[in-house]
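Asker: Quick one: this structure, given as structure tokens, is what I'll be asking you about.
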Amino acid sequence: MTNERSATAPCGPADERVFFDATLRPNRSLGRFGFRVLMTLAGGSVMAIGVIFMIAGAWPVLGFGGLEFLLLFVAFRLNYRAGRAYERVRLTERHLEVRRFGAAGEVGQWRFEPTWVRVNVDAPADHDCRLTLSSHGNALVIGAFLSPGERFEVAEALRAAIDSWRTRWSPSIAG
């Protein structure tokens, strides 16, 4: 998770105050260098085992090993593609906005009135817990790709930012 926060930084042409700004990204622990090393080791292993079996007369093993290597490569590429998706959660003077950027470039956007929004983590200790923003009967699950601890951390930070917004900035002041 990349969590970039700005406490009360001015932003945009209207110098709108930002109370919370976080970019939530899925964790990809294997970087580019690690991926290359893994693919080199896997390819070398498949090739060595395949050649040994081919010399022993079981030549189809080399072909199936190549297919297995190709499937491993494709699985990692799809995983990295899915890892390009992220969410941006931003609380300003006027609204709480969530933008969801998909792996294929699609963008979803939701806005909530901060006065009424509730932040809820349904079962913080459970692996399948959900971080939900709700207001006026509408609910949005965010950070589904985060670990339970990260969801709880984001929820606490967002609650604190909303509380700060409620005490420092009320809709009557925005006028």
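Asker: Give just the number: which of (1) farther than 30 Å from Glu16 by Cβ; (2) not in a helix (DSSP H, G or I) does Gly65 not satisfy?
Answerer: All conditions pass for Gly65, except number (2).
Asker: Is it the case that the range 106-115 has a residue that's small (Gly, Ala, Ser) and surrounded by 17 or more Cβ atoms within 10 Å (Cβ to Cβ)?
Answerer: no
Asker: Identify all residues within the range 51-76 that are closer than 22 Å to Phe35 by Cα and either surrounded by 11 or more Cβ atoms within 10 Å (Cβ to Cβ) or more than 28 Å from the chain's Cα centre (by Cα) (or both); write none if there are none.
Answerer: Those that are closer than 22 Å to Phe35 by Cα and either surrounded by 11 or more Cβ atoms within 10 Å (Cβ to Cβ) or more than 28 Å from the chain's Cα centre (by Cα) (or both): Phe64, Gly65, Gly66, Leu67, Glu68, Phe69, Leu70, Leu72, Phe73, Phe76.
Asker: Using the structure shown, decide if Gly105 is small (Gly, Ala, Ser) and assigned to a loop (DSSP other than H, G, I, E, B).
Answerer: It is true that Gly105 is small (Gly, Ala, Ser) and assigned to a loop (DSSP other than H, G, I, E, B).
Asker: Hey, another quick one. Being under 24 Å from Ala157 (Cα atoms), under 25 Å from the mean Cα position of the chain (by Cα) and either at pLDDT 90 or above or outside the structural domain of Asn138 (by TED's automatic domain parsing) (or both) is the requirement here; does Leu91 meet it?
Answerer: Criteria met by Leu91.
The values are calculated or read from the model by the stated rules, or taken from the named source; none is laboratory data. Just so it is clear, the structure is predicted and the values come from calculations on it, not from any experiment. Cβ coordinates were reconstructed from backbone atoms using ideal geometry, including for glycine residues, and neighbour counts include every protein chain displayed.
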